[in-house]
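First up is the structure itself, then whatever we jot down about it.
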């Protein structure tokens, strides 16, 4: 399984699975379907009333038709946080290699290199480069410093922050957890799940220190146990709101 490490806003590194060649191909096929559907709708409109005659006498209107097709990928990725419609369905998205959201310049570069990856080489260049590159990048990704990751949850429902609340007579250890956000708790849960899968406790220590700093608390609890208590406290207190 190919993964990439992403540093969160709390400076905690998490691993995300890279999008494979199959997901990228299906996502691209789906994008083609949407573009074809757009073309069919346009042709239908042309055949209604005098619109077809207007197009024939005003060729520049054809440019209006082709602009959405030409800029489809660029506009979608910029507006939808690294996803075209096909990518969104396949639950994959574009990110920078350092884990941050790509800049407009990066989106433009990977869009321009579609000419090399797809148009001029019949998609062979993209297929080969994604298949053989370590970070599953086509040439446009390599130049732009981007790649694609899977956005589908890596945990089951009962592994999210919405875990069953503790028993009624539960005693809260850290009432300060109410100051945390759902995003903070979900991050903590991701760390705990990662530890349970890998057995690597190292990630628990910096995470626990970050949480203690956010809550302004001190405790002698072992790092991973502390994180589990924080989640339990949060679930119990928020369930009562």
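The values are calculated or read from the model by the stated rules, or taken from the named source; none is laboratory data. Treat the numbers as computed from the prediction; the structure is a model and nothing was measured. Here the Cβ positions follow ideal geometry from the backbone for every residue, glycine too, while neighbour counts run over all protein chains shown.
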Next item on the list: Filter segment 128-141 down to residues that are in contact with a helix residue (DSSP H, G or I) (Cβ under 7 Å, 6 or more places away or on another chain) and in a helix (DSSP H, G or I) and give me whichever is surrounded by the most Cβ atoms within 10 Å (Cβ to Cβ).
Entry: 141
Next item on the list: Would you mention how many residues in segment 18-71 are in contact with a helix residue (DSSP H, G or I) (Cβ under 8 Å, 6 or more places away or on another chain) and at pLDDT below 90?
Entry: 11
Next item on the list: Exactly one condition in (1) assigned to a helix (DSSP H, G or I); (2) over 22 Å from residue 150 (Cβ atoms); (3) modelled with pLDDT under 95 is not met by residue 75; state its number.
Entry: (3)
